[in-house]
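The values are calculated or read from the model by the stated rules, or taken from the named source; none is laboratory data. All values reported here derive from a predicted model rather than from experimental measurement. Note that each Cβ is placed from the backbone with ideal geometry, even for glycine, and that neighbours are counted across all protein chains shown.
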């Protein structure tokens, strides 16, 4: 019996161990407990404890699964409970973190409910506090909750706290923007309030009135700043803002006052910036400035851009717009000296300073053209000042083309020039002066800088609807002529189109006619002379003049000779062209010389051909009829050479005499007064005496 | 160089003040003797001085003289608590 009992225990323990090893702790524990009732042993108790612990862990894992399911269903309370129970067993960090999160969320949810209730009850401060809690429960980053909190704070009159929150929010909706602006206004930040409200497109009279109230408060605030001589930057910025914003914000009187505030703040702030050498900031203010550009502001621009150009050549261009008008302004010159006599000396000094500055940047692309442009402007403004400085009116028109264009006053300057044509020495000076102030002016600067291609842009760039006047017409004629000449010198053989307006230009500008003829006469590339010839021929046809005719004649002769020298024409063609040249200008000495050389060349060639063919009659006639002694000299040279050859031969005396007699006979038909003829005659006479004797 | 800055003087400096400023600047030793001499020479010459004054000095006080009396906003001072919060935006948060 005892053996059977032991057997039973062994089988129970065996089953228990099997369940234990299979991980079935529930059945294993049951078997172990049955065994322990029959046999009290320490190892069985340990196994029971182990199974109990394993069962607890399994149970906790099940709870985690349940918690996750509950979370998915949105049942945060049940999820929290399951996680809490599970973690009592598992004690894992991630479960603890989840538990904390659920607690915050549940608190936040509660807080939002409380906040809404407080809001509904009109307790906005409490609502704000609840929203703060709810927001904290969500990590403090919930923009909708922050916005609600800030708006509740505004409602509760806690403006500073509200503003601190609004500052951090994007504020895409009107409600938030309105409250933000409202809070700012309540804090005295009127300017910021208006800026926040700026984009609120709400058609509501009460809101419009509130904006007007805030604008007026801002005006009053700026006046206070001005009285305290404090914060000029704000006076300038806020007044500028008020001026450029909605007209309806201010009455006309208030607007005028703001204009004064703006001008005051701007000038005072500029002085502060000047002391601090903040020239860039000043230039920004001046660039965006509203109101008239007074001489004082022109001078300020001049010196600010001068200062900036000292370090940066890119600033030269703008500096040059203002520099000369500033120093030629009579009201600025008054500050130079009490003595008008000294004004000009100071101006010269300032001009020299500007030129030195330009030269400092000479090796940059900014400085390259600046000196030429400055020189042009200097001449223009000196001329303008010369006929305006004695006038009471229009002295503010003493300006360069650049500034006139900048101010939109080019037409006024042009009218002034038109009304004072008699002041100029001649029509060309008058037109060229005026042309700089037209839309074509910039192209003239390029022309003077030898930027021919850029200058020629005028011929195509001008707007078709631009009203043409005599100044623009002149500029176009001048640029067309200069560009054509440039292309001509650079080998373009099709330039006639650029000279179509040149005949009219020469009527105005005789100096340009001289320029063309001198260029033509000095041109050495013989192969391109034809192009010059074509241009001169065209101009001569359209507008005959002595200068062009003589130049054309000479170019024709030179080209003909050059072609002949290069074997590109025969003497006959040469003679034909040169004769035409001579017809144009009978005084063309070169043509005359060429003709002489050519005829001599012709006659000699024919005479020697006749000699060669023993046609002495023909040779003698050529020599006799020639206008040139050179031909006859060659003829008698041939006679002398022939005589010497006859004498050197061993022929019979009678034969020699007969031949010498022939020579003598032909020679006398050409001329007897030649040394060789004397020799022949003497020889013949001597031989005749011998025959007779 | 800016002679006004070197000698630390205003645009309307007198000849006597220029000389005093040079003496003071020599004691301070912030600029070399050569720079001080050059600055003095420029400012004592009426032509050079006027040119330098134009370039280095800015005085816009004349612009402000006529602008100091601004009365249009006299009645708009005090607290702004009378500005009441409008409810038209309440539904638009």
What single numbered condition from (1) closer than 30 Å to residue A:171 by Cα; (2) within 12 Å of another protein chain (Cβ to nearest Cβ); (3) buried (at least 19 other Cβ atoms within 10 Å of the Cβ) fails to hold for residue A:207?
-> (3)
Of the conditions (1) surrounded by 14 or more Cβ atoms within 10 Å (Cβ to Cβ); (2) closer than 30 Å to residue A:137 by Cβ, the single one that residue A:27 does not satisfy is (2)
Could you figure out which of (1) under 24 Å from residue A:671 (Cβ atoms); (2) assigned to a loop (DSSP other than H, G, I, E, B) isn't true of residue A:651?
-> (1)
Do we have any residue at all in segment B:74-92 that's assigned to a loop (DSSP other than H, G, I, E, B) and modelled with pLDDT of 90 or more?
-> no
For residues that are closer than 17 Å to residue B:86 by Cβ and more than 8 Å from every other protein chain (Cβ to nearest Cβ), scanning just segment A:210-221, find the one that is surrounded by the fewest Cβ atoms within 10 Å (Cβ to Cβ).
-> A:212
Selection within segment A:625-648 - assigned to a helix (DSSP H, G or I) and within 11 Å of residue A:603 (Cβ to Cβ) = A:625, A:630, A:631, A:632, A:634, A:635
Can you confirm whether segment A:121-139 contains a residue that is surrounded by fewer than 21 Cβ atoms within 10 Å (Cβ to Cβ), within 50 Å of the chain's Cα centre (by Cα) and assigned to a loop (DSSP other than H, G, I, E, B)?
-> no
All but one of (1) at pLDDT 90 or above; (2) facing another protein chain (nearest Cβ under 7 Å); (3) surrounded by fewer than 19 Cβ atoms within 10 Å (Cβ to Cβ) hold for residue B:54; which doesn't?
-> (3)
Among what's in segment A:184-204 and is more than 45 Å from the chain's Cα centre (by Cα) and either touching a residue at least 12 places away in the same chain (Cβ under 8 Å) or closer than 14 Å to residue B:83 by Cα (or both), pick the residue that is nearest to the other protein chains (Cβ to nearest Cβ).
-> A:186
Within segment A:222-239, which residues are over 13 Å from residue B:72 (Cβ atoms), more than 8 Å from chain B (Cβ to nearest Cβ) and either out of contact with any helix residue (DSSP H, G or I) (no Cβ under 9 Å at 6 or more places or on another chain) or surrounded by 22 or more Cβ atoms within 10 Å (Cβ to Cβ) (or both)?
-> A:227, A:228, A:235, A:236, A:238
When you go through A:98, A:158, A:149 one by one, which is the residue that is more than 46 Å from the chain's Cα centre (by Cα) and more than 14 Å from chain B (Cβ to nearest Cβ)?
-> A:98
Condition met for residue A:577 (without any contact (Cβ under 8 Å) to a residue 40 or more places away in the chain, outside any loop (DSSP other than H, G, I, E, B) and not assigned by TED's automatic domain parsing to the domain that holds residue A:528) | no
Pick from segment A:662-674 the residues that are under 19 Å from residue A:645 (Cα atoms) and without any contact (Cβ under 8 Å) to a residue 24 or more places away in the chain: which of them is surrounded by the most Cβ atoms within 10 Å (Cβ to Cβ)?
-> A:664
Taking the condition surrounded by 18 or more Cβ atoms within 10 Å (Cβ to Cβ), within 11 Å of another protein chain (Cβ to nearest Cβ) and under 21 Å from residue A:186 (Cα atoms), does residue A:263 pass?
-> no
Which members of segment A:550-575 meet the condition of being over 28 Å from residue A:513 (Cβ atoms) and either within 53 Å of the chain's Cα centre (by Cα) or surrounded by fewer than 18 Cβ atoms within 10 Å (Cβ to Cβ) (or both)?
-> A:564, A:565, A:566, A:567, A:568, A:569, A:570, A:571, A:572, A:573
If you go through segment A:492-510 one residue at a time, how many are in contact with a helix residue (DSSP H, G or I) (Cβ under 6 Å, 6 or more places away or on another chain) and free of Cβ contacts under 8 Å to residues at least 60 places away in the same chain?
-> 10
Can you tell me which residues in segment A:496-511 are under 18 Å from residue A:531 (Cβ atoms) and buried (at least 21 other Cβ atoms within 10 Å of the Cβ)?
-> A:498, A:499, A:502
Applying the selection to segment A:289-317, what residues are in a loop (DSSP other than H, G, I, E, B) and more than 11 Å from every other protein chain (Cβ to nearest Cβ)?
-> A:289, A:290, A:292, A:293, A:312
In this structure, does residue A:469 turn out to be in contact with a helix residue (DSSP H, G or I) (Cβ under 9 Å, 6 or more places away or on another chain), modelled with pLDDT under 90 and not assigned by TED's automatic domain parsing to the domain that holds residue A:539?
-> yes
Has segment B:21-43 got at least one residue that is part of a helix (DSSP H, G or I), modelled with pLDDT of 90 or more and within 11 Å of chain A (Cβ to nearest Cβ)?
-> yes
Residue A:283 at the interface with another protein chain (Cβ under 9 Å from one of its Cβ atoms), under 32 Å from the mean Cα position of the chain (by Cα) and either buried (at least 16 other Cβ atoms within 10 Å of the Cβ) or under 30 Å from residue B:59 (Cβ atoms) (or both) = no
Report yes if some residue within segment A:240-248 is surrounded by fewer than 22 Cβ atoms within 10 Å (Cβ to Cβ) and at the interface with chain B (Cβ under 9 Å from one of its Cβ atoms); otherwise report no.
-> no
